[in-house]
Amino acid sequence: MKARKTGGKGPQPAVVVDGEVIRQIRQHARSSSKTEVCGVLIGSEDGNSLAIEACIAGANAAQAGTHVTFTQDTWAHIYQTKDAKYPDDRIVGWYHSHPGFGVFLSDHDTFIHKNFFSSPLQVAWVYDPHSDEEGCFGWVGKRLERLSEIAVVDHKGGEGAGETGKPEPLGRFEENDDEDLAAEKPDGDQEAPRWLRITFSVLSYTTVLMIGFLVAFYLFPRILVWPFDPQTGRPLTDRPVDWRSLQQGPRPSESAPGNDSGAVEAPKSGSDKEKNVPRQK
């Protein structure tokens, strides 16, 4: 990819980035939807061309919502990872996220780029996980601006179709499973008509309700009481009665005393008493 001229300000660097690097940057940015994240870009330089082939996430970075800062621990982690995985490559730029406020370089971002990534070919990648917008900023002459052309490559390209060796994803049932289910179902087993299924359901519910009513009738019997006369202490009825019947009709205690078969009639006058006493001679 050739460098593009920009009206006398100097050519833009020809940036080629691996599609896997972009995917990793997006994944890192989406892991924190409210604060910024950062990391560095790993690759190589060739004249005015820049190839971004990997990235390293910035661990232990100072996050403050609208800006991020590379700390001493962040740089220690970056160099340790680079020496272990990419010893022959170099740091060709950095990336960070702008969650919800667009793609640009703020004053704080420009300060970081000028002091830590001041090489003519080093770039700054910015990604907004809310709008899914991204952009690459680099040096055009002595001016830091957003680059208008970026090439994205897929290093997995050239792989033949059907040669990956990966099996096809399976659904819930395979064709063989459907055939087995059809074979297990008898030929004469047909689904009952709808009216018969509704009738069976109604009868089932009715039976359950009747059983519940009988169980409640025997487990929860009626309350029976045996009324007594408070003055004599004698029962007013010869058997207990339902307490609800006492609320509907007159109480047995309100009946006339004369109807009581056990009551003794008092003598009416003293003359009658004298008739039963023999006279003395």
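Of the residues making up region 139-151, at least one is surrounded by 18 or more Cβ atoms within 10 Å (Cβ to Cβ), out of contact with any helix residue (DSSP H, G or I) (no Cβ under 8 Å at 6 or more places or on another chain), farther than 13 Å from L41 by Cβ and of a type in the set (A, V, I, L, M). When G165 is tested against (1) assigned to a loop (DSSP other than H, G, I, E, B); (2) at pLDDT 90 or above, just one condition goes unmet, and that condition is (2).
Going by what's in this entry, would E134 be described as in a strand (DSSP E or B) and either of a type in the set (D, E) or modelled with pLDDT under 70 (or both)? Yes.
Inspect all residues belonging to region 31-45 and state whether any of them is among the hydroxyl-bearing types (S, T, Y) and either buried (at least 19 other Cβ atoms within 10 Å of the Cβ) or closer than 22 Å to A84 by Cα (or both). First the steps, then the outcome.
Here is the first cut: in region 31-45, the residues among the hydroxyl-bearing types (S, T, Y) are 31-33, 35, 44.
From the residues that got through so far, the ones that are either buried (at least 19 other Cβ atoms within 10 Å of the Cβ) or closer than 22 Å to A84 by Cα (or both) too are 44.
Yes, region 31-45 contains a residue that is among the hydroxyl-bearing types (S, T, Y) and either buried (at least 19 other Cβ atoms within 10 Å of the Cβ) or closer than 22 Å to A84 by Cα (or both).
Does E53 fit the bill of being surrounded by 15 or more Cβ atoms within 10 Å (Cβ to Cβ), at pLDDT below 95 and charged (D, E, K, R)? Considered against the rule, which asks whether it is surrounded by 15 or more Cβ atoms within 10 Å (Cβ to Cβ), at pLDDT below 95 and charged (D, E, K, R), E53 comes out as no.
Residue-wise test of (1) over 21 Å from D154 (Cα atoms); (2) without any contact (Cβ under 8 Å) to a residue 12 or more places away in the chain; (3) polar (S, T, N, Q).
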| residue | (1), (2), (3) |
| --- | --- |
| Q24 | no, no, yes |
| C38 | yes, no, no |
| A51 | no, no, no |
| Y86 | no, no, no |
| P129 | yes, no, no |
| C136 | no, no, no |
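The set of residues in region 1-32 that are touching a Leu at 6+ places or on another chain (Cβ under 9 Å), at pLDDT 95 or above and charged (D, E, K, R) is empty.
Filtering region 86-107 to residues that are under 38 Å from the mean Cα position of the chain (by Cα) and surrounded by fewer than 16 Cβ atoms within 10 Å (Cβ to Cβ) leaves G100, F101, G102, F104, S106.
The values are calculated or read from the model by the stated rules, or taken from the named source; none is laboratory data. Bear in mind that the values here come from a model prediction, so they are computed numbers and not experimental data. Methodologically, a virtual Cβ is constructed for each residue, glycine included, from the backbone with ideal geometry; neighbour enumeration extends over all protein chains shown.
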